[in-house]
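Participant: Take a look at this one; I'll ask things after.
The values are calculated or read from the model by the stated rules, or taken from the named source; none is laboratory data. Not measured: the values here are computed from a predicted model. When we count neighbours, we look across all protein chains shown, and the Cβ atoms used for this are built from the backbone with ideal geometry, even at glycine. Protein only, heavy atoms only, side chains kept; ligands, DNA and RNA dropped before computing areas. Shrake-Rupley method; radii C 1.70, N 1.55, O 1.52, S 1.80 Å.
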Amino acid sequence: MDKTKALVARQKKKTNIICFALLIATVLFAMAGTLIGPATLSVVDFQSLLTGENQLLTDLIWKIRFPRVILALITGGALAVSGCALQNLFNNPLADTGLIGISSGAVMGVVTGVLFGKAIPVFGSILESHPQYFLPLLAFTGAFGLGLLVYRLALQGGKVNIGIMLLAGIAANAFAGAYTGLLINLANDEQLRTITFWSLGSLNGAEPSTNIILGCFVLVGTLMLLRRSGELDVMTMGEREAVYLGVDTGKIKKEVLLLTALMCGPITAYVGLIGFVGLVIPHILRMVIGPKMKPLMIASFLSGGIFLNLSDTFAKTVVAPSELPIGVITALIGTPFFTYLLLKQKRRISL
Amino acid sequence: MIETRGISFDVPGKTILNDLNFSLKKGSFNGIIGKNGAGKSTLIQILAGLKEPTKGEVLYQDLPLMKISDLAQKRAVLSQEIPVSFGLSVFDILLMGRFPHRPLSSNDFEFVDQIIEELHLQDLLETPYPHLSGGERQRVQFGRTLCQLMPFDDLSGKTLILDEPLSAFDLSIQQMVLKFIKRLQTEKNLTVVLILHDLNWISNCCDHVLLLEKGELQLEGRPEMVFTVENLKKYFGIETRIILNDKEKPNIIYL
């Protein structure tokens, strides 16, 4: 007797230990990310920073390095958590914001806004004076729109056909790419710089003020998704069983797509396209902490942040004084991984 | 308990169910039989609230079924085969049975404990579901539906719906499962709706049998009324001899 209670307690304990370890790792790597850069700081410099002796150093740390680390943590967390939720929703470890059009939809939204938005009388002037509020909104709209379209296309008799989902994702991404390319030809120099920046992905422009806005989006999205972790667990048995267990599956699907778009749309508006974080992180963590949604999401949030922070530290130092786009690094790690997942479930994907 | 009023179900170009009217009493054991493609599974999915009939309506305890918000607390469904896409443990799956009753309290954990004992699942608890054999999976899913129905003190007003639940089981486990359900029905007044291919199990367990053919209800009544040599020839195309067993239930011998 009391087996159940003991098992639940043990699961909780394991989760707590892993999450605590990840939290410590997050802090350590965040410190490392702040110290390491094209001009590497020593611990002695760090001490002088705390006493405030060196103004240049203080600015470098607090205005450039630290916001960038924070942005990496927010972005990595948002992408990894979205990956978790989407994979349970689609019942497949291949679902990810980059693959189902959420990210490229966000770019579409932003590019459209930057290019045409300013021409619209009232909207244009607000866009110009408060881009930090409007760009996320545009990105969210594009992300949700394209994500929903891919999802609709993938439905076959009420169930998601994974083969069609991947193909629809490719089509959506290709369309978004072509659309962006077309608009680039229409863009002026200044707009062009902004647009190319998005398609490569970089944490270069991190600023405390935008971090706060993005942090709010990600925090709200993550908390709301955590509230749905029970439903997402049940969804792993398929939609039919979820209905039998009292889940309003139609509502959950819309909610999850909406929340992932809410998190990743605005993020993409600022850091551009960073792929594969949502694919790699949840998969590895499932092996460590198990597939139960709540612990998995929390661990993914932290690990996604650590992963992106490490990638960024690498990106800004490896070809210093120049810098690699971070999307290049995540893709270099992510694509072999994606291929591996694809091969592993070859049979299931057959159309 | 459950009443259907003229329910039909159409898919483009085809009628799956046509104008079904019947009622299932509280605490009764109901078997649905018929050849493949007769519409049995569709009917069960409608009774379970998964599909909405194209015409007509289903009443559950005199309320329209589709409008009952806490339906999952009142009826559990065991499907034929349930894949789980990630490696959740047996224990996680069992606990899902309590999902409709969330937030969970220590009572819920005790219910799950009870089911683990009853179905002897102790050794499997931490095994990932995808590693289980077909029979083990189905035993776990059966446990999960029982967890959903708990507590067993009063099951009147609750329904267990089963769609071919036994195909993955060895004969001994088939018997164990059916006896378990039968006991819940006779002692605790649980209502049961069941699809089975094995007509003898149906005859032995059920007190009410519905025979479907091409989406229409052809016969309904007590097993001894439905299972006659003539009916079995007419609706299943099989030669049989019927003998009554010591419980006065017809036993079908295939010739």
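Participant: Would you confirm whether or not the stretch B:214-226 contains a residue that is closer than 23 Å to B:LEU43 by Cβ, modelled with pLDDT of 90 or more, of a type in the set (A, V, I, L, M, F, W, C) and not in a strand (DSSP E or B)?
Facilitator: Among the residues of the stretch B:214-226, at least one is closer than 23 Å to B:LEU43 by Cβ, modelled with pLDDT of 90 or more, of a type in the set (A, V, I, L, M, F, W, C) and not in a strand (DSSP E or B), which makes the answer yes.
Participant: Check A:THR335, A:THR339, A:THR330 and return the single one that is among the polar types (S, T, N, Q) and surrounded by 23 or more Cβ atoms within 10 Å (Cβ to Cβ).
Facilitator: It is A:THR330.
Participant: For the stretch B:139-159, how many residues meet the condition of being touching a residue at least 40 places away in the same chain (Cβ under 8 Å), of a type outside the set (Val, Ile, Thr) and in a helix (DSSP H, G or I)?
Facilitator: Residues in the stretch B:139-159 being touching a residue at least 40 places away in the same chain (Cβ under 8 Å), of a type outside the set (Val, Ile, Thr) and in a helix (DSSP H, G or I): 8 in total.
Participant: Continuing with the same structure: Quick check on my filter: what residues within the stretch B:118-128 are more than 22 Å from the chain's Cα centre (by Cα) and more than 8 Å from chain A (Cβ to nearest Cβ)?
Facilitator: Listed by number, the residues that qualify are B:ASP123, B:LEU124, B:THR127, B:PRO128.
Participant: Does A:ILE24 satisfy the criteria of being modelled with pLDDT of 90 or more, exposed (fewer than 12 other Cβ atoms within 10 Å of the Cβ) and under 27 Å from B:LEU125 (Cα atoms)?
Facilitator: no
Participant: Shifting gears a bit: Taking B:ARG139, is it open to solvent by 30 Å² or more (accessible area, probe 1.4 Å), under 22 Å from the mean Cα position of the chain (by Cα) and within 20 Å of A:MET237 (Cα to Cα)?
Facilitator: yes
Participant: Can I ask one more? Within the stretch A:78-125, restricting attention to residues that are under 16 Å from A:LEU262 (Cβ atoms) and within 14 Å of chain B (Cβ to nearest Cβ), which residue is modelled with the lowest pLDDT?
Facilitator: Checked the stretch A:78-125; the qualifying residue modelled with the lowest pLDDT is A:LEU89.
Participant: Residues in the stretch A:85-101 that are on the phi > 0 side of the Ramachandran plot and out of contact with any helix residue (DSSP H, G or I) (no Cβ under 6 Å at 6 or more places or on another chain): how many?
Facilitator: Narrowing the stretch A:85-101 to residues on the phi > 0 side of the Ramachandran plot: A:91, A:101.
So of that shortlist, the ones also out of contact with any helix residue (DSSP H, G or I) (no Cβ under 6 Å at 6 or more places or on another chain) come out as A:91.
Of the residues in the stretch A:85-101, 1 are on the phi > 0 side of the Ramachandran plot and out of contact with any helix residue (DSSP H, G or I) (no Cβ under 6 Å at 6 or more places or on another chain).
Participant: When the residues of the stretch B:181-211 are filtered to those that are under 29 Å from B:VAL229 (Cα atoms) and of a type in the set (D, E, K, R), which remaining residue is nearest to the chain's Cα centre (by Cα)?
Facilitator: B:LYS182
Participant: A further question on this structure: Here are A:GLY205, A:GLY221, A:GLY238, A:GLY201: which of them is at pLDDT 95 or above and not hydroxyl-bearing (Ser, Thr, Tyr)?
Facilitator: A:GLY221
Participant: Any residue in the stretch A:1-18 that's hydrophobic (A, V, I, L, M, F, W, C): show its pairings with residues that are open to solvent by 60 Å² or more (accessible area, probe 1.4 Å) at Cβ separation under 7 Å, as long as the two are six or more apart or on different chains.
Facilitator: Filtered contacts from the stretch A:1-18: A:ILE18/A:VAL288.
Participant: Go through the stretch A:50-139 and tell me which helices (runs of 4 or more DSSP H), entirely inside it, have 1 or more residues that are surrounded by 23 or more Cβ atoms within 10 Å (Cβ to Cβ) and not small (Gly, Ala, Ser).
Facilitator: By residue number, A:66-90, A:102-116.
Participant: Which strands (runs of 3 or more DSSP E) does the stretch B:16-110 wholly contain that include 1 or more residues that are open to solvent by less than 10 Å² (accessible area, probe 1.4 Å) and within 11 Å of chain A (Cβ to nearest Cβ)?
Facilitator: B:75-78
Participant: OK, next. Which of the residues spanning the stretch B:111-131 are touching a helix residue (DSSP H, G or I) at 6+ places or on another chain (Cβ under 7 Å) and either open to solvent by less than 10 Å² (accessible area, probe 1.4 Å) or part of a loop (DSSP other than H, G, I, E, B) (or both)?
Facilitator: The answer is B:VAL112, B:ASP113, B:ILE115, B:ILE116, B:LEU119, B:LEU121, B:LEU125, B:GLU126, B:THR127, B:TYR129.
Participant: Could you list, in sequence order, all residues of the stretch A:1-20 that are within 14 Å of chain B (Cβ to nearest Cβ) and surrounded by 14 or more Cβ atoms within 10 Å (Cβ to Cβ)?
Facilitator: Matches in the stretch A:1-20: A:LYS3, A:THR4, A:LYS5, A:LEU7, A:VAL8, A:GLN11, A:LYS14, A:THR15.
Participant: Right, another one. Within the group B:ILE243, B:ILE195, B:ILE202, B:ILE181, which residue is of a type in the set (A, V, I, L, M, F, W, C), surrounded by 19 or more Cβ atoms within 10 Å (Cβ to Cβ) and within 18 Å of B:TYR254 (Cα to Cα)?
Facilitator: B:ILE202
Participant: Then there is this: Go through the stretch B:155-164 and give me each residue that's touching a helix residue (DSSP H, G or I) at 6+ places or on another chain (Cβ under 7 Å) and over 13 Å from B:ILE2 (Cβ atoms).
Facilitator: At the first step, the residues of the stretch B:155-164 found to be touching a helix residue (DSSP H, G or I) at 6+ places or on another chain (Cβ under 7 Å) are B:155, B:158, B:160-161, B:163.
Passing the criteria: B:LEU155, B:ASP163.
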